[in-house]
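The values are calculated or read from the model by the stated rules, or taken from the named source; none is laboratory data. What you see is a predicted model; the values in this text were computed from it and never measured. Quick reminder, even Gly has a Cβ in these numbers, built from the backbone with ideal geometry, and neighbours come from all protein chains shown. When the accessible area is computed, the model is the full protein with side chains, heavy atoms only, and any ligands, DNA or RNA have been set aside. Shrake-Rupley method; radii C 1.70, N 1.55, O 1.52, S 1.80 Å.
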Amino acid sequence: MPVTVRSFAKINIGLAIGPTRPDGFHELATVYQTIGLHDLVHVSIGRGTASSSVEVTSQDARVPAGETNTCWRMAMEVMRAFGRRGSVHIEIDKRLPLQGGLGGSSSNAAATLVAIEHLLRKELDAADRLQIAERVGSDVPLFLVGGAVLGTGRGERVFPLPNLPKMACVVAFPECGISTPQAFRDWDAISTATGARRSANPGPSKLTEDPPSDRIKSFSRTISAWLGRSHTGVSARGRNRAEALLLDLVRTGIANDFEQVVFLQRPELVRVKRVVKQSGAGYTSLSGSGSSIFGLYSSTTAAQDAVAHLQRRGIKARASSFLSREEYERRMLVAQK
Ligand code: C5P
(Lines give C-alpha, C1' and ligand atoms only; values in the text may rest on other atoms or scores of the structure.)
Protein backbone atom coordinates (compact mmCIF):
# COMPACT_ATOMS: atom_id res chain seq x y z
CA MET A 1 0.00 0.00 0.00
CA PRO A 2 1.75 3.26 -1.08
CA VAL A 3 1.87 6.23 1.23
CA THR A 4 1.48 9.78 -0.12
CA VAL A 5 3.25 12.77 1.39
CA ARG A 6 2.83 16.45 0.53
CA SER A 7 6.22 17.87 -0.26
CA PHE A 8 5.85 21.57 0.53
CA ALA A 9 7.86 24.44 -0.94
CA LYS A 10 9.92 27.05 0.93
CA ILE A 11 10.70 30.65 0.21
CA ASN A 12 13.71 32.56 1.56
CA ILE A 13 12.98 35.77 3.45
CA GLY A 14 16.43 37.29 3.03
CA LEU A 15 19.61 35.41 2.20
CA ALA A 16 23.17 36.60 2.90
CA ILE A 17 26.05 34.86 1.14
CA GLY A 18 29.30 34.71 3.09
CA PRO A 19 32.81 33.49 2.37
CA THR A 20 33.65 30.29 0.48
CA ARG A 21 34.66 27.50 2.85
CA PRO A 22 37.53 25.04 2.41
CA ASP A 23 34.97 22.38 1.31
CA GLY A 24 33.86 24.65 -1.59
CA PHE A 25 30.47 25.51 -0.07
CA HIS A 26 29.54 29.07 0.87
CA GLU A 27 28.62 30.23 4.34
CA LEU A 28 25.13 31.60 4.29
CA ALA A 29 22.42 32.92 6.57
CA THR A 30 18.76 32.91 5.64
CA VAL A 31 15.22 32.68 7.00
CA TYR A 32 13.32 29.85 5.35
CA GLN A 33 9.51 29.84 5.44
CA THR A 34 7.43 26.85 4.32
CA ILE A 35 4.36 27.61 2.20
CA GLY A 36 1.32 25.66 1.02
CA LEU A 37 2.41 24.96 -2.60
CA HIS A 38 3.59 21.37 -2.91
CA ASP A 39 4.51 18.30 -4.95
CA LEU A 40 3.09 14.88 -4.05
CA VAL A 41 5.47 12.03 -3.30
CA HIS A 42 4.03 8.47 -3.40
CA VAL A 43 6.26 5.80 -1.82
CA SER A 44 5.87 2.02 -1.57
CA ILE A 45 8.25 -0.70 -0.40
CA GLY A 46 8.26 -4.18 -1.92
CA ARG A 47 10.08 -7.31 -0.80
CA GLY A 48 13.85 -7.05 -0.63
CA THR A 49 16.30 -9.24 -2.44
CA ALA A 50 19.91 -9.40 -1.33
CA SER A 51 20.10 -5.62 -1.10
CA SER A 52 17.88 -2.55 -1.37
CA SER A 53 16.92 -1.06 -4.70
CA VAL A 54 15.30 2.29 -5.39
CA GLU A 55 13.30 3.34 -8.42
CA VAL A 56 12.18 6.92 -8.97
CA THR A 57 9.51 7.83 -11.53
CA SER A 58 7.73 11.05 -12.41
CA GLN A 59 5.30 12.39 -14.99
CA ASP A 60 7.93 15.11 -15.53
CA ALA A 61 10.67 13.65 -17.74
CA ARG A 62 13.20 16.19 -16.41
CA VAL A 63 13.17 14.57 -12.94
CA PRO A 64 16.25 12.30 -12.78
CA ALA A 65 15.56 8.61 -12.14
CA GLY A 66 18.81 7.44 -10.55
CA GLU A 67 21.26 8.36 -7.83
CA THR A 68 21.42 12.03 -8.81
CA ASN A 69 17.85 12.26 -7.51
CA THR A 70 17.75 13.42 -3.88
CA CYS A 71 14.89 10.98 -3.17
CA TRP A 72 16.98 8.07 -4.42
CA ARG A 73 19.84 9.01 -2.09
CA MET A 74 17.49 9.58 0.82
CA ALA A 75 15.77 6.21 0.37
CA MET A 76 19.14 4.38 0.26
CA GLU A 77 20.33 6.19 3.41
CA VAL A 78 17.12 5.57 5.36
CA MET A 79 16.87 1.87 4.44
CA ARG A 80 20.51 1.43 5.47
CA ALA A 81 19.95 3.30 8.75
CA PHE A 82 17.03 0.97 9.58
CA GLY A 83 19.04 -2.08 8.49
CA ARG A 84 16.21 -3.04 6.11
CA ARG A 85 16.20 -4.43 2.59
CA GLY A 86 13.45 -3.79 0.10
CA SER A 87 12.64 -2.38 -3.28
CA VAL A 88 11.55 1.20 -2.77
CA HIS A 89 9.41 2.83 -5.44
CA ILE A 90 9.06 6.61 -5.37
CA GLU A 91 6.72 8.43 -7.70
CA ILE A 92 7.00 12.21 -7.77
CA ASP A 93 3.96 14.15 -8.90
CA LYS A 94 5.85 17.33 -9.88
CA ARG A 95 3.92 20.54 -9.46
CA LEU A 96 6.69 22.85 -8.23
CA PRO A 97 9.12 24.23 -10.80
CA LEU A 98 12.51 22.56 -11.25
CA GLN A 99 15.41 24.90 -10.47
CA GLY A 100 12.85 27.32 -9.08
CA GLY A 101 14.49 28.24 -5.75
CA LEU A 102 11.57 26.72 -3.83
CA GLY A 103 13.54 23.72 -2.49
CA GLY A 104 11.45 21.23 -4.49
CA SER A 105 13.98 18.41 -4.76
CA SER A 106 15.13 18.85 -1.13
CA SER A 107 11.54 18.78 0.04
CA ASN A 108 10.92 15.64 -2.05
CA ALA A 109 13.81 13.97 -0.18
CA ALA A 110 12.41 14.94 3.23
CA ALA A 111 9.00 13.62 2.15
CA THR A 112 10.64 10.33 1.16
CA LEU A 113 12.12 10.01 4.64
CA VAL A 114 8.74 10.65 6.29
CA ALA A 115 7.05 8.16 3.93
CA ILE A 116 9.55 5.36 4.60
CA GLU A 117 9.29 5.90 8.38
CA HIS A 118 5.51 5.67 8.06
CA LEU A 119 5.62 2.53 5.91
CA LEU A 120 8.08 0.76 8.24
CA ARG A 121 6.27 2.09 11.36
CA LYS A 122 9.62 3.12 12.76
CA GLU A 123 11.25 6.51 13.38
CA LEU A 124 14.88 7.48 13.28
CA ASP A 125 16.02 9.60 16.19
CA ALA A 126 16.12 13.33 15.55
CA ALA A 127 19.92 13.56 15.34
CA ASP A 128 20.14 10.70 12.78
CA ARG A 129 17.38 12.28 10.70
CA LEU A 130 19.22 15.60 10.58
CA GLN A 131 22.57 13.98 9.77
CA ILE A 132 21.10 11.99 6.89
CA ALA A 133 19.23 15.06 5.63
CA GLU A 134 22.34 17.22 5.53
CA ARG A 135 24.27 14.52 3.67
CA VAL A 136 21.55 14.50 1.00
CA GLY A 137 21.57 18.30 0.51
CA SER A 138 22.02 21.66 2.23
CA ASP A 139 18.30 22.50 1.96
CA VAL A 140 16.93 19.15 3.18
CA PRO A 141 17.16 19.69 7.00
CA LEU A 142 14.86 22.73 6.91
CA PHE A 143 12.09 20.44 5.63
CA LEU A 144 12.43 18.27 8.74
CA VAL A 145 11.61 21.36 10.83
CA GLY A 146 9.06 23.37 8.80
CA GLY A 147 7.50 26.75 9.58
CA ALA A 148 9.95 29.65 9.93
CA VAL A 149 13.51 28.35 10.16
CA LEU A 150 16.84 30.14 10.52
CA GLY A 151 19.45 28.49 8.29
CA THR A 152 23.19 28.96 8.79
CA GLY A 153 26.38 27.08 7.87
CA ARG A 154 25.86 26.02 4.26
CA GLY A 155 22.11 26.30 4.96
CA GLU A 156 21.94 22.91 6.68
CA ARG A 157 22.25 24.14 10.29
CA VAL A 158 18.65 24.84 11.12
CA PHE A 159 17.03 26.58 14.07
CA PRO A 160 13.24 26.73 14.44
CA LEU A 161 12.02 30.33 14.75
CA PRO A 162 8.75 31.38 16.36
CA ASN A 163 5.90 31.07 13.85
CA LEU A 164 5.47 34.10 11.63
CA PRO A 165 1.94 35.38 10.95
CA LYS A 166 0.05 33.40 8.31
CA MET A 167 0.80 35.81 5.48
CA ALA A 168 -0.77 35.42 2.05
CA CYS A 169 1.81 35.11 -0.69
CA VAL A 170 2.06 34.79 -4.44
CA VAL A 171 4.81 32.92 -6.23
CA ALA A 172 5.58 33.95 -9.82
CA PHE A 173 7.19 31.27 -11.98
CA PRO A 174 9.37 32.72 -14.75
CA GLU A 175 9.98 30.23 -17.56
CA CYS A 176 13.73 29.87 -16.94
CA GLY A 177 15.38 27.59 -14.37
CA ILE A 178 18.47 28.69 -12.39
CA SER A 179 21.29 26.33 -11.44
CA THR A 180 22.24 27.01 -7.80
CA PRO A 181 25.92 25.94 -8.18
CA GLN A 182 26.19 28.26 -11.21
CA ALA A 183 24.60 31.14 -9.25
CA PHE A 184 27.20 30.65 -6.49
CA ARG A 185 30.00 30.64 -9.11
CA ASP A 186 28.62 33.86 -10.61
CA TRP A 187 28.51 35.37 -7.11
CA ASP A 188 32.19 34.44 -6.62
CA ALA A 189 33.15 36.02 -9.95
CA ILE A 190 31.36 39.27 -9.08
CA SER A 191 32.73 39.33 -5.52
CA THR A 192 36.28 38.82 -6.77
CA ALA A 193 35.91 41.60 -9.34
CA THR A 194 34.34 43.94 -6.77
CA GLY A 195 37.01 43.08 -4.18
CA ALA A 196 39.72 43.94 -6.70
CA ARG A 197 37.95 47.21 -7.57
CA ARG A 198 37.49 48.01 -3.87
CA SER A 199 41.22 47.66 -3.15
CA ALA A 200 42.21 49.61 -6.27
CA ASN A 201 39.68 52.34 -5.60
CA PRO A 202 38.41 52.41 -1.99
CA GLY A 203 34.96 53.97 -1.64
CA PRO A 204 31.34 52.87 -1.96
CA SER A 205 30.36 50.51 -4.79
CA LYS A 206 26.95 49.12 -5.65
CA LEU A 207 27.60 45.41 -5.89
CA THR A 208 28.52 43.25 -2.88
CA GLU A 209 29.55 46.36 -0.99
CA ASP A 210 30.53 44.57 2.24
CA PRO A 211 33.16 41.87 2.55
CA PRO A 212 31.49 38.41 2.73
CA SER A 213 31.95 37.76 6.46
CA ASP A 214 30.40 41.18 7.30
CA ARG A 215 27.34 40.34 5.23
CA ILE A 216 26.59 37.27 7.37
CA LYS A 217 27.24 39.24 10.58
CA SER A 218 24.94 42.08 9.63
CA PHE A 219 22.19 39.63 8.53
CA SER A 220 22.48 37.81 11.88
CA ARG A 221 22.36 41.11 13.78
CA THR A 222 19.19 42.10 11.92
CA ILE A 223 17.54 38.76 12.71
CA SER A 224 18.48 38.78 16.40
CA ALA A 225 17.38 42.41 16.83
CA TRP A 226 14.11 41.51 15.14
CA LEU A 227 13.62 38.40 17.29
CA GLY A 228 14.30 40.51 20.38
CA ARG A 229 11.61 42.97 19.31
CA SER A 230 9.16 40.19 18.50
CA HIS A 231 9.52 38.82 22.05
CA THR A 232 9.36 42.11 23.93
CA GLY A 233 6.31 43.18 21.93
CA VAL A 234 5.19 46.46 20.43
CA SER A 235 2.05 48.52 20.87
CA ALA A 236 -0.10 46.93 18.13
CA ARG A 237 -1.83 43.64 18.93
CA GLY A 238 -2.62 40.20 17.45
CA ARG A 239 -2.33 39.66 13.70
CA ASN A 240 -1.61 43.33 13.04
CA ARG A 241 1.23 43.24 15.49
CA ALA A 242 2.65 40.04 13.99
CA GLU A 243 2.34 41.49 10.51
CA ALA A 244 3.97 44.72 11.57
CA LEU A 245 6.88 42.69 12.95
CA LEU A 246 7.29 40.74 9.74
CA LEU A 247 7.22 43.88 7.63
CA ASP A 248 9.62 45.37 10.12
CA LEU A 249 11.98 42.48 9.41
CA VAL A 250 11.81 42.77 5.66
CA ARG A 251 12.11 46.55 5.71
CA THR A 252 15.24 46.58 7.83
CA GLY A 253 17.14 45.90 4.66
CA ILE A 254 16.95 42.12 4.68
CA ALA A 255 17.58 41.14 1.06
CA ASN A 256 18.51 38.14 -1.04
CA ASP A 257 22.12 38.46 -2.24
CA PHE A 258 21.41 36.14 -5.18
CA GLU A 259 19.37 38.94 -6.78
CA GLN A 260 22.63 40.78 -7.44
CA VAL A 261 23.92 38.04 -9.73
CA VAL A 262 20.78 36.36 -11.01
CA PHE A 263 19.19 39.66 -12.14
CA LEU A 264 22.35 40.49 -14.10
CA GLN A 265 22.28 37.12 -15.88
CA ARG A 266 18.50 37.11 -16.39
CA PRO A 267 17.30 40.71 -16.82
CA GLU A 268 13.77 39.44 -17.62
CA LEU A 269 13.43 38.60 -13.90
CA VAL A 270 13.76 42.30 -13.01
CA ARG A 271 10.52 42.89 -14.91
CA VAL A 272 8.80 39.99 -13.11
CA LYS A 273 9.84 41.42 -9.74
CA ARG A 274 8.55 44.85 -10.77
CA VAL A 275 5.17 43.43 -11.84
CA VAL A 276 4.87 41.48 -8.55
CA LYS A 277 5.63 44.70 -6.66
CA GLN A 278 3.03 46.61 -8.71
CA SER A 279 0.44 43.93 -7.93
CA GLY A 280 0.28 45.22 -4.35
CA ALA A 281 2.94 43.14 -2.56
CA GLY A 282 4.30 44.56 0.72
CA TYR A 283 7.58 42.75 0.13
CA THR A 284 8.94 41.10 -3.02
CA SER A 285 12.04 38.96 -3.48
CA LEU A 286 13.74 36.24 -5.45
CA SER A 287 13.46 32.92 -3.57
CA GLY A 288 16.79 31.13 -3.06
CA SER A 289 18.79 31.38 -6.27
CA GLY A 290 15.53 31.72 -8.25
CA SER A 291 13.98 31.76 -10.65
CA SER A 292 10.77 32.04 -8.56
CA ILE A 293 9.87 35.48 -7.27
CA PHE A 294 7.42 35.86 -4.42
CA GLY A 295 5.34 38.69 -2.98
CA LEU A 296 3.72 38.99 0.46
CA TYR A 297 0.19 40.44 0.76
CA SER A 298 -2.09 41.64 3.51
CA SER A 299 -4.97 39.28 2.61
CA THR A 300 -5.89 36.20 0.57
CA THR A 301 -8.07 38.39 -1.67
CA ALA A 302 -5.15 40.74 -2.36
CA ALA A 303 -3.02 37.70 -3.28
CA GLN A 304 -5.69 36.32 -5.63
CA ASP A 305 -6.04 39.72 -7.31
CA ALA A 306 -2.27 39.80 -7.71
CA VAL A 307 -2.29 36.39 -9.47
CA ALA A 308 -4.86 37.75 -11.96
CA HIS A 309 -2.71 40.90 -12.42
CA LEU A 310 0.37 38.77 -13.18
CA GLN A 311 -1.45 36.36 -15.49
CA ARG A 312 -2.84 39.25 -17.53
CA ARG A 313 0.78 40.23 -18.11
CA GLY A 314 1.76 36.74 -19.24
CA ILE A 315 3.45 35.68 -15.98
CA LYS A 316 2.55 32.31 -14.45
CA ALA A 317 1.75 32.67 -10.76
CA ARG A 318 -0.03 30.94 -7.88
CA ALA A 319 -1.38 32.20 -4.58
CA SER A 320 -0.58 30.44 -1.32
CA SER A 321 0.16 31.24 2.32
CA PHE A 322 2.74 30.61 5.04
CA LEU A 323 2.54 27.25 6.82
CA SER A 324 3.22 27.25 10.54
CA ARG A 325 5.38 24.43 11.89
CA GLU A 326 2.27 22.66 13.28
CA GLU A 327 0.34 22.94 9.99
CA TYR A 328 3.37 21.76 8.05
CA GLU A 329 3.64 18.60 10.19
CA ARG A 330 -0.09 17.96 10.28
CA ARG A 331 -0.62 18.32 6.54
CA MET A 332 2.36 16.30 5.29
CA LEU A 333 0.81 12.84 5.31
CA VAL A 334 -2.13 12.50 2.95
CA ALA A 335 -4.85 10.40 4.62
CA GLN A 336 -5.13 6.92 3.07
CA LYS A 337 -8.52 5.98 1.57
O1 C5P B 1 23.96 20.99 -0.82
P2 C5P B 1 23.50 20.99 -2.24
O3 C5P B 1 23.70 19.67 -2.91
O4 C5P B 1 22.11 21.49 -2.39
O5 C5P B 1 24.43 22.05 -2.99
C6 C5P B 1 24.50 22.06 -4.40
C7 C5P B 1 25.69 22.89 -4.81
O8 C5P B 1 25.45 24.28 -4.53
C9 C5P B 1 26.99 22.57 -4.09
O10 C5P B 1 27.68 21.53 -4.73
C11 C5P B 1 27.73 23.90 -4.17
O12 C5P B 1 28.31 24.04 -5.45
C13 C5P B 1 26.64 24.92 -4.09
N14 C5P B 1 26.42 25.42 -2.70
C15 C5P B 1 27.32 26.33 -2.16
N16 C5P B 1 27.12 26.82 -0.91
C17 C5P B 1 26.03 26.45 -0.19
C18 C5P B 1 25.09 25.54 -0.72
C19 C5P B 1 25.31 25.04 -2.00
O20 C5P B 1 28.32 26.70 -2.80
N21 C5P B 1 25.84 26.99 1.02
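The table for this structure:
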read-out: For I13: the one exception among (1) open to solvent by 10 Å² or more (accessible area, probe 1.4 Å); (2) modelled with pLDDT under 95; value: (1)
read-out: Check on G295, open to solvent by less than 50 Å² (accessible area, probe 1.4 Å), assigned to a loop (DSSP other than H, G, I, E, B) and small (G, A, S); value: no
read-out: Test: residue in the range 136-159 that is over 30 Å from S298 (Cβ atoms), out of contact with any Lys or Arg (no Cβ under 8 Å at 6 or more places or on another chain) and among the hydrophobic types (A, V, I, L, M, F, W, C); value: yes
read-out: Out of A126, A133, sole residue that is touching a helix residue (DSSP H, G or I) at 6+ places or on another chain (Cβ under 6 Å) and either of a type in the set (D, E) or under 30 Å from R330 (Cβ atoms) (or both); value: A133
read-out: Which listed residue, of L98, L102, is within 16 Å of the ligand (Cβ to nearest atom), open to solvent by 10 Å² or more (accessible area, probe 1.4 Å) and not acidic (D, E); value: L98
read-out: Every pair of residues 6+ apart whose Cβ atoms lie under 7 Å, when the first sits in the range 15-38 and is more than 19 Å from L144 (Cβ to Cβ) and of a type in the set (S, T, N, Q) while the second is within 11 Å of the ligand (Cβ to nearest atom) and open to solvent by 20 Å² or more (accessible area, probe 1.4 Å); value: T20/D188
read-out: Given (1) open to solvent by 40 Å² or more (accessible area, probe 1.4 Å); (2) farther than 20 Å from S285 by Cβ; (3) away from the ligand (no atom under 15 Å from the Cβ); (4) at pLDDT below 80, number of the condition A225 does not satisfy; value: (2)
read-out: Qualifying residues in the range 135-194 (those that are assigned to a loop (DSSP other than H, G, I, E, B), near the ligand (Cβ under 9 Å from one of its atoms) and of a type in the set (D, E, K, R)) - the one least open to solvent (accessible area, probe 1.4 Å); value: E156
read-out: Pairs, first among the aliphatic types (A, V, I, L, M) in the range 128-157, second open to solvent by less than 20 Å² (accessible area, probe 1.4 Å) and assigned to a loop (DSSP other than H, G, I, E, B), C-beta under 7 Å, six or more apart; value: L130/P141; A133/V140; A133/P141; A148/L161; V149/L161; L150/L161
read-out: Top-ranked residue in the range 16-38 [being open to solvent by less than 20 Å² (accessible area, probe 1.4 Å) and among the hydrophobic types (A, V, I, L, M, F, W, C); ranked as nearest to the ligand (Cβ to nearest atom)]; value: L28
read-out: Any hit, the range 66-77, residues being touching a residue at least 12 places away in the same chain (Cβ under 8 Å), open to solvent by less than 50 Å² (accessible area, probe 1.4 Å), closer than 21 Å to Q336 by Cβ and not in a strand (DSSP E or B); value: yes
